[in-house]
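This report refers to the structure that appears directly beneath it.
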There are 4 protein chains.
Amino acid sequence: MLLIWKVLKRIAFTQTTVAKINMYVSLPHHKKGTHMSRFLEVLNEYARPLTPACIGTVAREIKERLEAEEAHLEITFTYFIEKHAPVTAARGLMDYQVTFRATANGVTDFVMGVRAPAASLCPCSKEISRYGAHNQRCEIEAAVRFDGDLWIEDLVTILESAASSPVYAVLKRPDEKYVTEAAFDNPKFVEDIVRDLAVSLEKHPQIRSYSISSENFESIHSHNAYAQISRVIRA
Amino acid sequence: MLLIWKVLKRIAFTQTTVAKINMYVSLPHHKKGTHMSRFLEVLNEYARPLTPACIGTVAREIKERLEAEEAHLEITFTYFIEKHAPVTAARGLMDYQVTFRATANGVTDFVMGVRAPAASLCPCSKEISRYGAHNQRCEIEAAVRFDGDLWIEDLVTILESAASSPVYAVLKRPDEKYVTEAAFDNPKFVEDIVRDLAVSLEKHPQIRSYSISSENFESIHSHNAYAQISRVIRA
Amino acid sequence: MLLIWKVLKRIAFTQTTVAKINMYVSLPHHKKGTHMSRFLEVLNEYARPLTPACIGTVAREIKERLEAEEAHLEITFTYFIEKHAPVTAARGLMDYQVTFRATANGVTDFVMGVRAPAASLCPCSKEISRYGAHNQRCEIEAAVRFDGDLWIEDLVTILESAASSPVYAVLKRPDEKYVTEAAFDNPKFVEDIVRDLAVSLEKHPQIRSYSISSENFESIHSHNAYAQISRVIRA
Amino acid sequence: MLLIWKVLKRIAFTQTTVAKINMYVSLPHHKKGTHMSRFLEVLNEYARPLTPACIGTVAREIKERLEAEEAHLEITFTYFIEKHAPVTAARGLMDYQVTFRATANGVTDFVMGVRAPAASLCPCSKEISRYGAHNQRCEIEAAVRFDGDLWIEDLVTILESAASSPVYAVLKRPDEKYVTEAAFDNPKFVEDIVRDLAVSLEKHPQIRSYSISSENFESIHSHNAYAQISRVIRA
């Protein structure tokens, strides 16, 4: 199901976007089926700025109204962040896929997932070639549990820092030169990207668990390279 | 609808693959609907090695049996070609998306489409940077009308020649060095790729018309670059 | 490329949504490539409520700034319409895929496309069975050229009227009974849907050309049924 | 990565199809990255009829050759089964998505997954309406661990039996009447489908664990209905 949603932004209030919503409840033994229209009633009551806290409330409310032992809510949306090109500071909007997942079953569990495109440059190709090095777009994903509040913007920054270089919506010539050289100076295997991302998340005081991955759309192969790590730091 | 199909190969007889099939007829004014099961009857009779000539025959047969003025048949399948790495000659299977389209309406029109992944390296990035150059996977497509017989293998070779470098299924270290340097020596904008491909097709004695494109999954941008040209050389 | 866009609504001002944007220019012979960042500059200047007129202006501006003979702009977005259930009037948000396409090459051409889900019920199945009739969701699309202003809401209503029944976001039990019976009373082949839609568009005083289709996800077959008609009523 | 694969069939030897292959190894701490070309070498040696036993062998071989503690192999392919229409026995090919997953880490774990389209008819709509009942295509999935040998054909039969009716590739008029009435006589909520499927799998002597789901493409709503159950019967 698609809905218009407002998401709380780090700066400047809220952002309106389009969200895809999945809702599930565990069905008690004595019931044949669930009341699908109640899902929508709850959702309509809570269609206000989207925060982790609010998602948890919606999940608990669904659990109550549908008399379920467990309710699960999954909201995926495109989130836009204004980004400045590294040299000219030209502004452009980058879009990221964000997922909020809440489970209510007595306690409330919340997971935030972010997917960011980035650039990766192959260390092996750089090392063995007289000039050049193959590089490509990759997609880095992280799904995290955390203490307190964590902004989407902050998680995106951590993800992008793990790549050879971030990617941008608008780049002028001096920016393109900068990004090309920066990626060449910072070669990374797909395994390096997730390993370095894991190191950043382990050091972050708020992160309690993470499941991270990178998929590299290899520019010289017809297949992709993929790496992933999952770890619970503390319960 | 999906079906198992055999396709005639340039070398070594046939290849078995899985095809997605779309079939359409123009409906005469006095008919409310078409007999969908007849489509399948015709198809089952002709499920033998797939050639342009055979596709034309199926389209004409559908036109007859469904009493239509025009029949249109579209078959899309994955086609595998064994490719040798450029230095070590290590063998690997590359997969290409191929489409055969036939229209029968008195005359029979046949179009063959091929999509091949390849590598493109940006001339601007190479020129302005002290070292390195951004490069990425691209997807090159060509849909052509032609005289006589044209092998899928031949069209794939023409497509791949238009890129900065072909991509491979298996590359060992000496191959990776070769491909990295070859792409660096042959930088191409997305516009260059389709322009050079057009030049090759214009020179080809059998090609009568072409519609070609390339989409580059830019490694330093969050958007893709795209170029396309269509031309009828002769009717 | 994805962007946040505001779209003019029939009622109550504007709607904010997320748009996917493709932009193309024809390249003059003496140019090697285009200035991709200029596309974004033009777009940023015009990121205001989205109307057919505004899209035409953006296309013309891109043509000027990129010194092209022709510019083409394609904007696809999810558009939400509040719909009331047929009996209880329970409110729910329906989402539709809308595409605005503008071509500027001296004159400006504008095409609006809308895709709406609906329900279709098979006349043959109803006729030959003692009870029941297979029915399924279908997707109806129309891309139209028109005189004056045409609201997305109005085109959606025309599309939905061609099906056995519209579909809804929220239906309570009396609504479900109503929709089930209404679809059973109004059986339609996929060919009927596009034929009836064509009749409506031919009668509409503003429509100048149409390209329409329906794809039915047949509930008793593993394949889909598809029909389409295109016609230019006047230039 | 795509490859041509042969799969062992219940009847008549093997079937050639196209497989998508994902391969993963856990990376030892002292290694920076993995040898991707070795994956392909192992695969090429074992490209023979595909059976659960063979997949396990490939996973163990990858674990050895890449000196990993754990190797994971995932093979997804289209599998065709000839099916006879229920009254006329007209023959048609149905296609199913099948996934083989093997993990080797000392012991070898094997999971077989099958996805089958089917028809579901809503009990509530049937009960409250004077005539008709909304029905739609659904997709039923099961991923199972089992003792001994289990044919894809057998798992497909179990899945299809849980729906209101199977779907078919070819249906003539008497078949369409039969299927329409059979579905009407056997109404099922999405929850009923997975519950009845769970009952069948619990009774099956070979099944050790299952993860099952159904997604119904509701013909009167714009959203889908979904249900799922996972259970380990014995280790």
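The values are calculated or read from the model by the stated rules, or taken from the named source; none is laboratory data. In this text, all values refer to a predicted model and were calculated from it rather than measured experimentally. Cβ atoms come from the backbone with ideal geometry, glycine included; neighbour counts cover every protein chain shown. Side chains are part of the model used for accessible areas, which takes the heavy atoms of the whole protein and leaves out ligands, DNA and RNA. Shrake-Rupley method; radii C 1.70, N 1.55, O 1.52, S 1.80 Å.
Here are a few things to note about the model shown:
- For a modelled paramagnetic label at B:Lys172, 7 Å from Cα along Cα-to-Cβ, the residues of the range B:86-120 in reach, with backbone nitrogen under 17 Å, are B:86-93.
- Projecting the Cα atoms of C:Ile75, C:His204, C:Asn105 onto the charge dipole of the range C:2-232 (Cβ charges, centred on the Cα centre) puts C:Ile75 farthest toward the positive pole.
- Rounded to 10°, Cα long-axis angle of helix B:52-65 versus longest principal axis of chain B: 30 degrees
- Span from the the range D:43-106 Cα centroid across to the the range C:110-142 one, whole angstrom: 37 Å
- Net charge over other residues, Cβ less than 15 angstrom from the Cβ of B:Met36 (K, R count +1; D, E count -1): -2
- Peptide D:33-42 has a mean shielding of 5, counted as Cβ atoms of other protein chains within 10 Å of each residue's Cβ.
- Filter on A:Lys203/D:Lys31; A:Lys32/D:Lys83; A:Lys172/C:Lys63; B:Lys20/D:Lys20 - keep pairs with C-alpha separation over 26 Å: A:Lys32/D:Lys83
- Difference of contour (0.36 nm per residue) and Cα-Cα distance, D:Glu153 to D:Thr51: 35.4 nm
- Taking every protein chain into account, the accessible area of the range C:2-232 amounts to 41 square angstrom per residue (probe 1.4 Å).
- Spatially proximal aspartates and glutamates relative to C:Lys177 (Cα-Cα < 19 Å; intrachain offsets below 8 disregarded): C:Glu160, C:Asp185, D:Glu127, D:Asp185, D:Glu218
- Using the Cβ of C:Tyr131 as centre and a radius below 9 Å, the other residues enclosed give a net charge of -1, where K and R count +1 and D and E count -1.
- Excluding ligands, DNA and RNA and using a 1.4 Å probe, chains B and C jointly bury around 1300 Å² of accessible surface, summed across both partners.
- The chymotrypsin sites (Phe, Trp or Tyr not before Pro) of the range A:84-150 that DSSP puts in a loop, and whose beta carbon has at most 13 other beta carbons within 10 Å, are A:Tyr131.
- Rounded to the nearest 10 degrees, the inclination of helix A:173-185 to the longest alpha-carbon principal axis of chain A is 90 degrees.
- Among residues other than A:Thr103 with Cβ under 14 Å from its Cβ, the summed charge is -1 (Lys and Arg +1, Asp and Glu -1).
- Phi to ³J(HN,Hα) by Karplus 6.51 cos²θ - 1.76 cosθ + 1.60 over the range D:80-87, Hz, x for Gly, Pro: 9, 10, 6, 10, 9, 4, x, 10
- Interface residues, the range D:104-140 - accessible area loss of 50 Å² or more versus chain alone, probe 1.4 Å: D:Ile128, D:Tyr131, D:Asn135, D:Arg137
- Percent accessible area from carbon and sulfur atoms, chain D, protein chains only, probe 1.4 Å: 50 percent
- Delta accessible area of at least 40 Å² on complex formation, residues of the range D:191-223, 1.4 Å probe, chain isolated as reference: D:Glu191, D:Arg195, D:Ser219, D:Ile220, D:His221, D:Ser222, D:His223
- Rg/Rh (Cα only; Kirkwood hydrodynamic radius) as it applies to the protein assembly as shown: 0.94
- Helix D:152-161 axis, angle to chain D major axis (alpha carbon atoms, nearest 10°): 30 degrees
- Label point at B:Val107 placed 7 Å out along Cα→Cβ; residues across the range B:143-173 whose backbone nitrogen lies under 15 Å: B:145-148
- Between C:Glu67 and B:Arg65, the modelled label-to-label distance comes to 5.8 nm, taking each label 7 Å out from Cα in the direction of the beta carbon.
- Chain C: C-alpha gyration tensor shape, a/c 1.5 cut-off, then a/b vs b/c: prolate
- The range A:176-235: C-alpha gyration tensor shape, a/c 1.5 cut-off, then a/b vs b/c: oblate
- Value of [θ]222 nm, deg cm²/dmol, for the protein assembly as shown, DSSP H segments ≥ 4, -39500 (n - 2.57) each, nearest 500: -8500 deg cm²/dmol
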